Every structure is written in structure tokens, then in C-alpha cells.
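Before any comments, here is the structure.
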Amino acid sequence: MTTPGIEALSFFTPRRYVHLNELATHHGIDPAKFSRGIGQEKIALPNADEDIVTMAAEAALPIVERVGVESIDTVLFATETGIDQSKAAAIYVHRLLGLSPNCRCVELKQACYSATAALQMAASYVARKPSRKVLVIASDVARYDLGSSGEATQGAGAVAILVSSEPKIAEIGTESGLYTEDCMDFWRPNHRRTPLFDGKASTLRYLNALVEAWKDYQANGGLDYDAFSRFCFHVPFSRMGEKANSHLAKANGQKQNPDHVLPSLIYNRQVGNCYSASLYLALISVLENDETDLTGKNIGLFSYGSGATGEFFDLRVQPGYAEHLFPEQHQSLLQDRDAIDYDGYITLWHEKDLTQGTQECASGRFRLTGIEDDKRIYVDQQA
Ligand code: HMG
């Protein structure tokens, strides 16, 4: 039986960002607190005509252009920035990408964790139906209150993952370790635009879930610590990834190896937290930036969603994986962005979804052009 896995991987982030030095200057904070203490450089900011749908369609477009639409019969859309309580964001993306009408489209939620649930469901489905492919998309806007401790960890982006029985990039291991506890470390009631959270406690819940999920992974027959060449952790800010790396090493009686994690943090430092997409942005970062050939290597992934659920699982990198990535597109996406100053950031932060008259700004092909009668209008600018 073919082991299901990742056939293609792509990400998108908006064109505008504010540098954390701007925030540091405004708040009278040493910029090193953000660059070293938090480990972040930039916050990606969507314009009012960009949202989880446009970012998701942009992320998935290169994959659909490469593999075609014929075999994709499922879109699983992971987000905690939902735009509707009933209709799945996946349906808008389905139309923008021109997918077959004979397709199921669903939205999943559990804070930053839900893309991992989607990935595991996709792998199980593909194992049963090897001729089908599943598009897993994680897309989120991380927005915190101005002046809160989370402000420096904002960001936005989307990752698209094609799961199939042709795992050209990586096979998904069958074992995983799970951990759930009911805790209030970070949550966003329906009436709020920004989350409520206990920042310091959330980092402790995260590290606890990591160790508990790891123990369960071991109990289920997972690989030994020494079998891993790299780890990708959920990255709310890059220092958290470094802390997770050292915490896991310590739990295994080992000295931490920074090479295990640093290449996975390069893109996240530039984008900020993108919730459900953050772990998979870290995966793209290590695959596209690691100087070592990762062929045949095991990568351990830890997914965490506040509230809280954690999962540890593994991927096996396939020969020729680098030919199936999009490093040039991703690097130019990050380089060709527009920096905005503090005042521009505040304006964008307050801006809600487009209603009318907002200047066209979305950097890609897809735009939210308006909301009429509470119906969101998305256009493909090339149609
Ligand atoms: P804070 O109050 O901004 O920072 O909160 P701090 O005072 O704890 O300082 C942070 C670090 O900077 C410390 O290092 C300082 O020593 C250092 P550490 O002790 O951690 O090693 N520092 C400096 N370093 C160099 N030069 C300086 C300097 N000054 C201080 N001058 C906190 C940090 C994480 C609480 C905050 O960023 C926050 O509230 N973030 C939002 C919540 C969050 O991201 N939690 C992460 C775990 S939960 C999670 O990942 C889930 C999530 O993604 C949501 C979901 O699942 O949907 C958030």
C-alpha cells in the first residue's frame, strides 16, 4: 500500500508589513526585545480587500496550476479567523480555483491546531482512495489588541498542502501522539475581533502539551528522539520554537541542537504568527532553507492549538523533494513587500473588511471587492 503524504506545499502572505522596530520605537521598548527576546522581525498585514479566502486561494493557486484540478475532490479549510458561522470558506476558494463541482468543501476549527486534524483526515482518506487528492489549506490573520503583550506576535498568511498517494515531498508517518486539556490560555468569543489570552500561561500550556503529546507518540510506537534530523513546532513567535526545541531535548535527557530547529524559523520571523498555518510555514521554511539535503530524513512536527490540543507526528522526506517546492516564488513574495510606518499600521489595524471605496491593494490575483447585503464578493482579477 502506498503511504500517503505531501505532494505539494505552497504559502502566501500579504504584501504589506510593519517592522517591529517601528513598534519598539513607538512603545519606547528596546528593539532587541522583539528581535531577540521574541525572535520576530515583521508583522504581515492584510489590506481590507484581503482575507482568509483570498490568501488561501493565492497559496493554493501554484499547486492547482501544477497538478490540475481533476483529482482534487476534497478541500479542508483550517482557520480560526472564520468569516461566516455557517458557510465554509472552502467554498469560496473552490470557485476561485475552478475546482470540480464533484468536491466536498469543509471548514475546521481548533485554534492553531486544526490544519493538523485536516492533514491526518486527508491522509486517511487518501489511503482508502489512492486516486484522489485532498487540498488542505490553513489561513489565518493573527490580530491582537494594540498595546497588549501579543501585539508583537501578530501576522497573517496561508499555507496550501496537497495530500495524495504520490508523496513527492514527504510521507506522513502513521503514528502520532495526542494530548487535550480544557484550559483558557487563549480564546476568542464570537463577539470579539481580537482574542483574550494569558500570554505567559499559554507558553507553559504549550510546553506541557508538547511533552504529553511526545510521551503518547512514544507509547504508540513512534520513532526515538535520535531518529529525527529536524523538528518543526507551532511558531506563535520564533523564540517559542527555540524553547520547544530545548524543552523536548531536555525531556529526552539530551542537549538541545539549534540546527534541529533554526532553518524552520526563517520564514516565520518575516511573517509573524499565522495561527493554523504557522507550523506548516515552518515546514516549508526548513525544506526550502536547510543547507543539508534532507532526503530520507525524519522531521518531527508538533502542532498546538490553544484551549488546548497538541499532536506530535512525523514526516519522511522523499528523494527529489526540492524539485517540488516553490522556493523562488516564496522568497520573492517575502522580499518584494512594502514596509508601512506606525501610522499606516494603525490605519490598517482598525480597517475592517472592505465595504466600499477602499483602494485596490491586494497583491495577488484574488480580491474581496465588497460586501453587499452581507454577501462577500470575491473576484479573480484575471477572469
Ligand atoms: P512579553 O511580556 O512581551 O515578554 O510576553 P517578556 O517580558 O516575557 O519577554 C520576552 C522575552 O524577551 C524574555 O525572554 C525576555 O528576557 C526577553 P525569555 O525569558 O522568554 O527567554 N527580553 C529581551 N531580550 C533581549 N533584549 C531585551 C529584552 N527584553 C526582554 N531588551 C509573551 C511574551 C509570549 C507572553 C507574549 O508575546 C504574548 O502574550 N504572546 C501571545 C500569546 C502567545 O503567543 N503564546 C504562545 C503559546 S500559545 C500558542 O502558541 C497558541 C497561539 O498561537 C494561539 C492559537 O493556538 O490559536 C497563540
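The values are calculated or read from the model by the stated rules, or taken from the named source; none is laboratory data. Since the model is a prediction, treat every value here as computed from it, not as a measurement. All Cβ positions, glycine included, derive from the backbone under ideal geometry; neighbour counts span all protein chains shown.
For residue 140, the test of being acidic (Asp, Glu) and under 22 Å from residue 77 (Cβ atoms) is passed.
Any residue at all in the stretch 232-245 that's outside the structural domain of residue 145 (by TED's automatic domain parsing), surrounded by fewer than 16 Cβ atoms within 10 Å (Cβ to Cβ) and out of contact with any Lys or Arg (no Cβ under 7 Å at 6 or more places or on another chain)?
The answer is no; no qualifying residue exists.
Of all residues in the stretch 257-273, those that are surrounded by 17 or more Cβ atoms within 10 Å (Cβ to Cβ), under 15 Å from residue 228 (Cα atoms) and either within 14 Å of the ligand (Cβ to nearest atom) or not small (Gly, Ala, Ser) (or both) total 4. Summed over the stretch 274-305, residues that are within 16 Å of the ligand (Cβ to nearest atom) and more than 12 Å from the chain's Cα centre (by Cα) total 2. Just to be sure, is residue 107 out of contact with any Phe, Trp or Tyr (no Cβ under 8 Å at 6 or more places or on another chain) and either at pLDDT below 95 or of a type in the set (Asp, Glu) (or both)? No; evaluated as a whole, the condition is false for this residue. The condition of being within 16 Å of the chain's Cα centre (by Cα) and more than 15 Å from residue 7 (Cβ to Cβ) holds for only one of 139, 148, that being 139.
The combined condition, being surrounded by fewer than 19 Cβ atoms within 10 Å (Cβ to Cβ) and either modelled with pLDDT under 95 or assigned by TED's automatic domain parsing to the domain that holds residue 298 (or both), is not fulfilled by residue 195. Taking each residue of the stretch 74-87 that is more than 16 Å from the ligand (Cβ to nearest atom) and looking for partners that are of a type in the set (Lys, Arg) with beta-carbon atoms closer than 9 Å, six or more apart or interchain, yields 74/104; 74/132; 74/133; 75/104; 76/104; 83/376; 84/376. Residues of the stretch 24-54 that are assigned to a helix (DSSP H, G or I), within 11 Å of the ligand (Cβ to nearest atom) and either hydrophobic (A, V, I, L, M, F, W, C) or modelled with pLDDT under 95 (or both): 24, 32, 34, 38.
The numbered conditions (1) buried (at least 22 other Cβ atoms within 10 Å of the Cβ); (2) away from the ligand (no atom under 14 Å from the Cβ) are all true for residue 221 except (1). Being within 10 Å of the ligand (Cβ to nearest atom) and surrounded by fewer than 21 Cβ atoms within 10 Å (Cβ to Cβ) is the filter here, so list the residues in the stretch 110-143 that pass it. The one that is within 10 Å of the ligand (Cβ to nearest atom) and surrounded by fewer than 21 Cβ atoms within 10 Å (Cβ to Cβ): 110. Here 78, 56 are screened, and the one residue that is hydrophobic (A, V, I, L, M, F, W, C), out of contact with any Cys (no Cβ under 7 Å at 6 or more places or on another chain) and under 26 Å from residue 239 (Cβ atoms) is 78. Applying the criterion of at least 3 residues that are of a type in the set (S, T, N, Q) to the strands (runs of 3 or more DSSP E) found wholly in the stretch 64-182 leaves 170-180.
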